[in-house]
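The values are calculated or read from the model by the stated rules, or taken from the named source; none is laboratory data. What you see is a predicted model; the values in this text were computed from it and never measured. A quick note on method: Cβ atoms are made from the backbone with ideal geometry, for glycine too, and the neighbour counts reach across all protein chains shown. To get the accessible areas, we keep the full protein, side chains included, count just its heavy atoms, and leave off ligands, DNA and RNA. Shrake-Rupley method; radii C 1.70, N 1.55, O 1.52, S 1.80 Å.
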Amino acid sequence: MVPERIVVGLGERSYPIWIGLGILDQLGVALAAASFPRKVAVVSNPTVYALYGQRIEEILTAHKFSSTAILIGDGEEFKNFSSLQQIYDALIEKGFDRSSGLLALGGGVIGDITGFAAATYLRGIPFVQVPTTLLSQVDSSVGGKTAINHPLGKNLIGAFYQPVHVHIDVETLGSLPEREFSAGLAEVVKYGVIRDDTFFEWLCAHRDRLLNQDPSALIHAVKRSCQIKADVVEVDEKESTLRAILNFGHTFGHAVETLTGYGTYRHGEAVSIGMVFASEIAMSLGLCTRQDVQAIKNLLVGFRLPVSFPAFSIEQYLQAMGRDKKVKQGVLRMVLNKGIGDCLVRDVPDPEALFAPLLNNLSEG
Ligand code: NAD
Ligand code: GLY
């Protein structure tokens, strides 16, 4: 099929996103069009490489790219200094110079660490994203946030560094565990709530087609999500202003991840809970109605996502939120939806008073 195309317009750092079903085979053409270096290191993990690695290598070879695989461990716990060093070591040992490039084959963990390796190796070499989870296709592969985790916090070491091409084959989602697929849908819902009521309504109407991975529904959902993200990143690449809206649901979601221990909830699941919390707060401030909150909850439940707040005290939640990167000079900031399809960023000077009705009820329950 002819891929759907979007351009992330960032001047000389602009790049295309190709989206389609079964378009992995067109990767060679895309890389040639992007004048990608002929010497390529494919960074992946054993799970994804076993599924798609050989095909990628064959495609690269057929288009006269030389390729070397660098595999790191599978999981968030491998998004660290040690895996980064493993990537640098392999690149140096195999003589990768400034006329070479990296290809990230996998989910957000692989995309983030490969992007950071590309940003820093020899002061920067080009990289391309081939995202294979729904979360990475609709969010992490687009926009140039790259990072590794520090033992004291997630994504604390990183850089803004854009890929030269993003290649999204929704067929790869067929092998994704159901729970990972649903976690990605949380970020899709996010785009509808913060930016596009028509898209939100479309998601409600096409819920079952998406859950069944109907190709044209998937392509539409991924394309609209990427377009919304691209529009935001074009205005505010480095999150000085507008880009913060992409953190809708993340303030409370990160607190849920911290309190329950990383690994209990997938990131998208925690964001689902966080979006319900944010919409409840928005309702209490008169920014949206009870019906809006219910519609958001219904869609998330329909996508098999959790929506209940785990039972922790308000003090525990406040402490966990205090460590969030979105706290500016001691004041908590939240992204709040205005109805459905619009949002704003607001300082919350007295979170305890605002959150008490939601979180105290929870302790009593
Ligand atoms: P992940 O990369 O850990 O992938 C989830 C699991 O799915 C892994 O076990 C992986 O091996 C497996 N997998 C990947 N593709 C598969 C496929 N097609 N078939 C079968 N299994 C497959 O998790 P994720 O949710 O994709 O990404 C989470 C990461 O993304 C976090 O580190 C988060 O910080 C980061 N993130 C970054 C941004 C950004 O803007 N850079 C945005 C959101 C999240
Ligand atoms: N995932 C949020 C961002 O890219 O800004």
Residues of the range 14-44 that turn out to be touching a Gly at 6+ places or on another chain (Cβ under 8 Å) and open to solvent by 60 Å² or more (accessible area, probe 1.4 Å), as a count:
1
How about the range 36-139: which strands (runs of 3 or more DSSP E) wholly inside it have at least 1 residues that are more than 25 Å from the chain's Cα centre (by Cα) and modelled with pLDDT of 95 or more?
39-44, 66-71, 100-106
Restricting the first residue to the range 171-197 and requiring it to be within 18 Å of Val233 (Cα to Cα), which pairs with a second residue that is within 7 Å of ligand 1 (Cβ to nearest atom) and open to solvent by 20 Å² or more (accessible area, probe 1.4 Å) meet a Cβ separation below 6 Å and a spacing of at least six or different chains?
Glu187/Leu135; Glu187/Asp139
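In the range 50-78, how many are touching a strand residue (DSSP E or B) at 6+ places or on another chain (Cβ under 8 Å) and either more than 16 Å from ligand 2 (Cβ to nearest atom) or open to solvent by less than 10 Å² (accessible area, probe 1.4 Å) (or both)? Spell out how you get there, then give the answer.
Going residue by residue through the range 50-78, those that are touching a strand residue (DSSP E or B) at 6+ places or on another chain (Cβ under 8 Å) are 52-53, 56-57, 60-61, 65-72, 76.
Keeping just the survivors that are either more than 16 Å from ligand 2 (Cβ to nearest atom) or open to solvent by less than 10 Å² (accessible area, probe 1.4 Å) (or both) gives 52-53, 56-57, 60-61, 65-72.
Qualifying residue count, the range 50-78: 14.
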Six or more apart or on different chains, Cβ atoms under 7 Å: show the pairs whose first residue is in the range 103-116 and more than 13 Å from Asp74 (Cα to Cα) and more than 14 Å from ligand 2 (Cβ to nearest atom) and whose second is assigned to a helix (DSSP H, G or I) and open to solvent by 20 Å² or more (accessible area, probe 1.4 Å).
none
Quick one: Ala119 ticks every box in (1) within 16 Å of ligand 2 (Cβ to nearest atom); (2) within 22 Å of Ala34 (Cα to Cα); (3) free of Cβ contacts under 8 Å to residues at least 24 places away in the same chain bar one, so which box is it?
(3)
List every residue pair whose Cβ atoms lie under 8 Å apart, where the two residues are 6 or more positions apart in sequence or sit on different chains, the first residue falls within the range 254-276 and is farther than 16 Å from Ala186 by Cα, and the second residue, located anywhere, is open to solvent by 20 Å² or more (accessible area, probe 1.4 Å) and part of a helix (DSSP H, G or I).
Leu259/Gln316; Tyr262/Glu76; Gly263/Glu76
A careful count of residues in the range 224-240 that are assigned to a helix (DSSP H, G or I) and within 13 Å of ligand 1 (Cβ to nearest atom) gives 6
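Scan the range 287-296 and tell me whether some residue there is under 21 Å from Asp347 (Cβ atoms) and either open to solvent by 60 Å² or more (accessible area, probe 1.4 Å) or at pLDDT 95 or above (or both). Reasoning before the result, please.
Here is the first cut: in the range 287-296, the ones under 21 Å from Asp347 (Cβ atoms) are 287-288.
Of the ones still in play, those that are also either open to solvent by 60 Å² or more (accessible area, probe 1.4 Å) or at pLDDT 95 or above (or both) are 287-288.
Yes, the range 287-296 contains at least one residue that is under 21 Å from Asp347 (Cβ atoms) and either open to solvent by 60 Å² or more (accessible area, probe 1.4 Å) or at pLDDT 95 or above (or both).
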Count of the range 111-122 residues which are in contact with a helix residue (DSSP H, G or I) (Cβ under 7 Å, 6 or more places away or on another chain) and either open to solvent by less than 10 Å² (accessible area, probe 1.4 Å) or within 6 Å of ligand 1 (Cβ to nearest atom) (or both):
4
